[in-house]
Amino acid sequence: MSNDARPEAFAEAAKSGLTAANAATLATCTLVGGSLSVFADVAPSGWNHVMGFVALASWLFSITLALYLAGRSTRPQEPRGLLATVTDGIRLAGAKPGIAAMVVLMTAGAAFTVWSRMHSDQGSVLRSLVATQERAAAAAETAAERTAAIQADTQAIRSAVGRPATPAEMLAGMGYGTGDDEVCRAISAGAIKALQLMEQITQFKARLSVALGGGQYALCIEEALSEPTRGPAVARALQEIEVSAEDIGRLYVAQMIGSGESGALRPLEVLVTLGIERDSRARLTSARATPLMYAVWADNLPAAEILLTKGADANQASRFDYALGTKMTSVAISPLAEAQRLGRPALEEKLRAAGARVEVQQLPYFR
């Protein structure tokens, strides 16, 4: 074909484009190249590199074939070399958008194959995309669950604010629990409200005893009962609760009584009352008394009245133990006898009204 005829042939080819057979061939090549690229990306280790090179070769072959067929369509009757034909194909692609789009698509497939192989040490690109989507979905689900939890907590807070506090919550707000030691602490502080809440939470009888071992007990309210400023509050607290009958009648080891002539109780005077000989070495070694006797010692008339109404025995004796040099002796003394000795007229009157008697008796010493 002459040189003058070539432009006309090219223009004609640009108008007509590829034949249907050529287009089908290139579409098949594109599908094969894409499939190989995807397989290379997701192939197990050892195969991915091999399949990557195969896919890249497939893309390069498809691009060359597309340009060759396009160039061939410009001068189908004229024999030419491969390079010249491909060159004409490039020119035709520039004039024919459909052919250009196909070549660009194939080039993009080849570029993806090269890029995925360069990043193959970081894992499959497609798998990474899927994993990223899964992580995004999981994050969205977690956020939804967290939002639901916050809404539930908010609703619970609103409900808690809107409802009245339970006795246990009110008691905790006052700094108390429900154990025996907490009951003693509330009685000692005169915390009547706390004691009332305790009774609402659980039915109980207040325990006043603290085990010391060896069958001995201490009175947990001894200090509070003996203090003038706290004694009346303790009496009011005792009035509000039910106290164990066993604790009301128990003898408690005194923790705060003096051992000689000093102190408000002057326990050695009891020996004089009985005419017991003593010398300068005489001393009180221990005292065990009922809660009623502690009220007498503290001159706490309200507490004594309440204990009597709760079943305290007005004639139950308490016990003093003495060391008289090398000898030991004990004395049993009733609450009324102590009230007389200590000069407690109001307590004397109350005890007599309860049927109390004056009794002081020396006993053999024993622990």
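The values are calculated or read from the model by the stated rules, or taken from the named source; none is laboratory data. Quick caveat: nothing in here was measured; it's all calculated off a predicted structure. Cβ sites come from the backbone with ideal geometry, for glycine too, and all protein chains shown count toward neighbours. Only protein heavy atoms, including side chains, enter the accessible area calculation; ligands, DNA and RNA are left aside. Shrake-Rupley method; radii C 1.70, N 1.55, O 1.52, S 1.80 Å.
All other residues with a Cβ under 15 Å from the Cβ of Glu359 taken together, and with Lys, Arg as +1 and Asp, Glu as -1, what is their net charge? Each step should come with its number before you reach the end.
Numbers: positive: Arg319, Arg341, Arg352, Arg357; negative: Asp313, Glu338, Glu348.
After counting each charged neighbour, the total is +1.
Under 5 Å between amide H atoms, partner at least 5 residues away or on a different chain: which partners does Thr285 have, H built in plane at 1.01 Å?
Amide H neighbours of Thr285, under 5 Å, 5+ apart: Asp321, Tyr322, Ala323.
Could you calculate the FRET efficiency of Ala144 with Ala111 from 1/(1 + (r/R0)^6), where r is the beta carbon distance between them and R0 is 25 Å, rounded to 0.05?
Working: r = 39 Å, r/R0 = 1.54.
E between Ala144 and Ala111, to the nearest 0.05, is 0.05.
Give me the number: length gained by fully extending Glu242 to Ala346, i.e. 0.36 nm times residue separation minus the C-alpha to C-alpha distance, one decimal in nm. Don't skip to the answer; put the middle values down first.
Working: separation 104, 0.36 × 104 = 37.44 nm, distance 2.52 nm.
Going from the current span to full extension adds 34.9 nm.
Along Cα→Cβ, 7 Å out, is where each label goes; now give me the distance between the ones at Leu60 and Lys327 in nm to one decimal.
12.6 nm
Which GluC sites (Glu not before Pro) from the range 162-252 combine a DSSP loop assignment with at most 16 other Cβ atoms within 10 Å?
Sites meeting the loop and neighbour criteria: Glu242.
Tell me the label-point distance for the pair Leu212, Thr154, using the 7 Å Cα-to-Cβ offset, in nm and rounded to one decimal.
Those two pseudo-labels are separated by 6.1 nm.
How large is the translational diffusion coefficient of the range 285-354 in µm² per second when you combine the Kirkwood radius over alpha carbon pairs with Stokes-Einstein at 20 °C and 1.002 mPa s? All intermediate terms of the calculation are to be shown ahead of the outcome.
Numbers: Rh = 12.4 Å.
Estimated diffusion coefficient is 172 µm²/s.
Out of residues 5 or more away from Arg250 or on other chains, whose amide H comes under 5 Å of its own, with H placed 1.01 Å from N in the peptide plane?
Amide H neighbours of Arg250: none.
Using a 1.4 Å probe on the protein chains only, how many percent of the accessible area of the range 156-248 belongs to carbon and sulfur?
On the way: 2590 of 4920 Å².
Carbon and sulfur atoms account for 53 percent of the accessible area of the range 156-248.
With all protein chains present, calculate the accessible area of Ile150 using a 1.4 Å probe and round the result to the nearest 10 Å².
Per-residue accessible area (Ile150): approximately 100 Å².
What percentage of the solvent-accessible surface of the range 250-359, computed with a 1.4 Å probe over protein heavy atoms, is contributed by carbon and sulfur atoms? Write out the running numbers ahead of the final one.
On the way: 2290 of 4720 Å².
Here carbon and sulfur together make up 48 percent of the probe-accessible area.
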